[in-house]
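Asker: Below are the structure tokens for one structure; questions will follow.
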Amino acid sequence: MLPELGQFALVLALLLAALQAFYGIAGPAMGRERWMAAVIPAVAGQAVMVATAVACLVASFVGNDFSVSYVAENSNSALPLFYRVAALWGAHEGSLLLWIFLLAAWTVAVAIGATRLPPRFAARVLGVLGVVSFGFLLFTLATSNPFLRLDPPAPDGRDLNPILQDPGLAVHPPILYTGYVGFAVAFAFACAAMLEGRLDQQWARWTRPWTTVAWSFLTCGIALGSFWAYYELGWGGFWFWDPVENASFMPWLVGTALVHSLAVTDKRGLFKSWTLLLAILAFSLSMLGTFLVRSGVLVSVHSFAADPRRGIFILAFLIVMIGGALVLYAWRAPALKSTAGFELGARESFLLFNNVLLVIAAGTVFAGTLAPLISDALGLGTLSVGPPYFNPTFMISMLPLLALLSVGIHASWKRGRLTDSQRALFFTLVAAAVVGAGLAFGWYARGRLLTFVGATLGVWIILSSLVDPIDRWRRGLSLSRAVLGMTVAHLGIALAVIALTTVQSFTVERDVALAPGATASVAGYEFRFEGVQSVEGPNYDAIGGTFMVTRHGEAVAVLRPQKRQYWVQHQVTSETAITMHHGNNLLIALGEDLKAGGRWSVRIQVRPLVSLVWFAAFIMALGGALAASDRRYRAAAGALAPARTASAAEGAR
Amino acid sequence: MNRFLLPLGLFVLLAVVLAVGIVHSPTKGLIASPLLGKPAPSFSLPDLADPSHQVRSVDLRGHWYLFNVWATWCGECRAEHEMLLKVQLAGVVPLVGLDWKDDPAQALTWLKQLGNPYQAVAVDSSGREAIDWGVYAAPETFLVNPQGIVVFKQIGALTDEAWTREILPRLAPPRAAGS
């Protein structure tokens, strides 16, 4: 009964999305007030229906209803309740449903915020969101219905993929998706502006907080995903440049560019068409990412054949959405001329460099990610592109970006003179170089040039970011949340750069064979292998190893990595054991039983500062949240009052 | 014409590449089967030729067989069909089909038109059985030994290469091949 109810709710949601799209776009175009008034009820109705569908699927998972195909494929009666709920987004169909649910949530938030916008513009924004939602609902119902029944029902389920049975998984996709979906709002604002044929600074002010919040969520999602990969996959690393990671990283890079370009449009009314293009691009990459991750077009194009309609549908949908937006862009953007100019050394220039470099970075990642697909499509054989390609190409655009950051934040709008801040910049650079050299060649004593460059850039960004806030604080001036948020986000980037270069330069990895009682010493730590014993979990058997970790005879920690064999899928997963000690991250993964006197192969890694990488990402996200909560975005209501009456009068005519 | 058309042009180019990618999907998958080296799932499913009769895994014990998952909606399966007929002609190992999420009437027509390489075809219209086999997509082929253990899995169409390099060597014990 519940699955049928869920499916019915999805169909109703599809119809309501169609109404929302039609009234939202046709209403303002034809000047029909009543049509525009119908948009909000459609938004609300759709949200209720989508929430009902999600509740029905969750209920099927919780109630172990294995007559539902999706539940049978991704859950099991022995699976703990927590993962039975998280299994909702354990595979393609449920992930799409989650996507739609989050889009509905964002749409409701926009509808609430839109009461402050001119009604015609608000209707158009919601209309475009309706188109997006309609497409995803249609795709789900036509090719990826999570409510399909099995007849006869399965006696038990095939279980959730064991590597996904982890608390990290439970929180990581919803947060990542919230970020992805959030760019739909920026996309809708861009399309609405193009439909209106008008884009002013006020538009940028409306769009900025939404974009920044989406960006913050995406940042958190990527960090959580990376953290999860680090301790769950047991490969010993936090970033692998694999297609799934790249799929989330590309929208992040373009989203970062968009956040900066919106700042220019907001403050100076420049970069208008460029901002529009970035908004389209960020969302396009988000959609592409969603599909790539869950349909596996890159991991193996073969998965599309599971249902040939799926691949075709995705492509058709992308062509309609992205192609449509780009046609609109080609048609309307030429009219959006920027009148103001700026000098070479002005802040606008630096933000332009920032944008260009970020887009180049996204482009290199994009090329590397799609290269296997393209070479395969052209019949050049399968090839894979790995870190040897990504690391250097990515650095080529990132190093200048980081170097320009410190100068850029001290440049003034419009005029290209740095006189006031030149001294501060120079001193911070010298100080940073000293600290960087100390860190690279003194503290760790075996640094390379890259370590020095990375540490110097990171420290320089920290010092130069703090110059203005400290100055204002000393003069007793208040600091707006927007500026504070920017500073915090830049500090986050700086910490990330320092952490990444340190990890990259000073990680020690050892694969050793240990008999019980034997000791391996790695990077000044002694790891004594105590032996293994069997452990039984709720839905798996495991072999657990015990390791005593000491440093100079002093106890540091007891680590218990496991090798788990899950009952249903017979998959073996390696549960790493991790501990922190003085900023060093110690990781042990149990390898194979070597069948020789109880000897086991063991992977031991000591990574300095790796935790700081994820911490830095959360600092960045925090900066985004601070900036988005600035008063000037909320105060926009007052400034808008005359505009609203004007457009209402226009609508009445 | 103008620079505002450039993004559209690039996008069209990308769409074409993706379209080619989807149509011309590679046959090599990267997914390892959790079933390899494990007993094949036991099943008892209606026979396509005669639904009152059951195709049962117990009856297949004691012989090698190739378990081939296919469907009429699967374009790659049509391409694969010729290879299956070759396998049948070789007469080394019987083919057992699993008609997956398919219309039995269409499946019968397909076999009538293209030739029937199978010893028997089991019908799995709900897709329930394929879940037990861990099927990601059609076509997939499993080689099952006389003890009922899955020893090899081909994801995507069965190729000449897979047949000669992977399947034949597993069927023939090394010394028999030499003599």
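Asker: Look at B:Leu8 and say whether it is modelled with pLDDT of 90 or more and within 14 Å of chain A (Cβ to nearest Cβ).
Answerer: yes
Asker: So which residues in segment B:128-150 are farther than 17 Å from B:Leu84 by Cβ, more than 10 Å from chain A (Cβ to nearest Cβ), β-branched (Val, Ile, Thr) and surrounded by 18 or more Cβ atoms within 10 Å (Cβ to Cβ), if there are any at all?
Answerer: Selection gives B:Val150 alone.
Asker: How many of the residues making up segment B:33-46 are at pLDDT below 75 and within 10 Å of chain A (Cβ to nearest Cβ)?
Answerer: 2
Asker: A:Leu160 passes all but one of (1) over 24 Å from A:Leu103 (Cβ atoms); (2) surrounded by fewer than 19 Cβ atoms within 10 Å (Cβ to Cβ); (3) hydrophobic (A, V, I, L, M, F, W, C); which number fails?
Answerer: All conditions are met except number (2).
Asker: Hey, does segment A:502-519 have a residue that's within 25 Å of the chain's Cα centre (by Cα), modelled with pLDDT of 85 or more and within 30 Å of A:Pro209 (Cα to Cα)?
Answerer: no
Asker: So which of B:Asp124, B:Asp99 is closer than 25 Å to A:Asp156 by Cβ, more than 14 Å from chain A (Cβ to nearest Cβ), surrounded by 21 or more Cβ atoms within 10 Å (Cβ to Cβ) and in contact with a Phe, Trp or Tyr (Cβ under 7 Å, 6 or more places away or on another chain)?
Answerer: B:Asp99
Asker: On the given criteria, is A:Ala105 under 27 Å from the mean Cα position of the chain (by Cα), surrounded by fewer than 21 Cβ atoms within 10 Å (Cβ to Cβ), more than 12 Å from chain B (Cβ to nearest Cβ) and modelled with pLDDT of 90 or more?
Answerer: Criteria met by A:Ala105.
Yes/no matrix, rows are residues, columns are (1) modelled with pLDDT of 90 or more; (2) within 12 Å of the chain's Cα centre (by Cα):
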{"site": "B:Asp103", "(1), (2)": "no, no"}
{"site": "B:Gln106", "(1), (2)": "no, no"}
{"site": "B:Gln113", "(1), (2)": "no, no"}
{"site": "B:Gln119", "(1), (2)": "yes, no"}
{"site": "B:Gly127", "(1), (2)": "no, no"}
{"site": "B:Asp132", "(1), (2)": "no, no"}
{"site": "B:Tyr136", "(1), (2)": "no, yes"}
{"site": "B:Glu140", "(1), (2)": "no, yes"}
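Asker: Among the residues of segment A:193-211, are any in a helix (DSSP H, G or I) and within 14 Å of chain B (Cβ to nearest Cβ)?
Answerer: Within segment A:193-211 (the criterion being in a helix (DSSP H, G or I) and within 14 Å of chain B (Cβ to nearest Cβ)), the answer is yes, since at least one residue qualifies.
Asker: Filter segment A:570-610 down to residues that are surrounded by fewer than 19 Cβ atoms within 10 Å (Cβ to Cβ) and either more than 20 Å from A:Val532 (Cα to Cα) or within 14 Å of chain B (Cβ to nearest Cβ) (or both), then give me how many there are.
Answerer: 7
Asker: Here's something else I'd like to know. Specify which of the listed residues (A:Val254, A:Val264, A:Val244) is surrounded by 24 or more Cβ atoms within 10 Å (Cβ to Cβ), β-branched (Val, Ile, Thr) and within 14 Å of chain B (Cβ to nearest Cβ).
Answerer: A:Val254
Asker: State yes or no: is A:Asn145 touching a residue at least 40 places away in the same chain (Cβ under 8 Å) and on the phi > 0 side of the Ramachandran plot?
Answerer: no
Conditions tested, residue by residue: (1) touching a Phe, Trp or Tyr at 6+ places or on another chain (Cβ under 9 Å); (2) part of a loop (DSSP other than H, G, I, E, B).
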| site | (1), (2) |
| --- | --- |
| A:Tyr230 | yes, no |
| A:Phe238 | yes, yes |
| A:Val244 | no, no |
| A:Phe249 | yes, no |
| A:Leu253 | no, no |
| A:Thr256 | yes, no |
| A:Val259 | yes, no |
| A:Lys267 | yes, no |
| A:Ser273 | yes, no |
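The values are calculated or read from the model by the stated rules, or taken from the named source; none is laboratory data. The structure presented is a predicted model; accordingly, all values stated were derived computationally and were not measured. Note: ideal-geometry Cβ built from the backbone for every residue, glycine included; neighbour counts use all protein chains shown.
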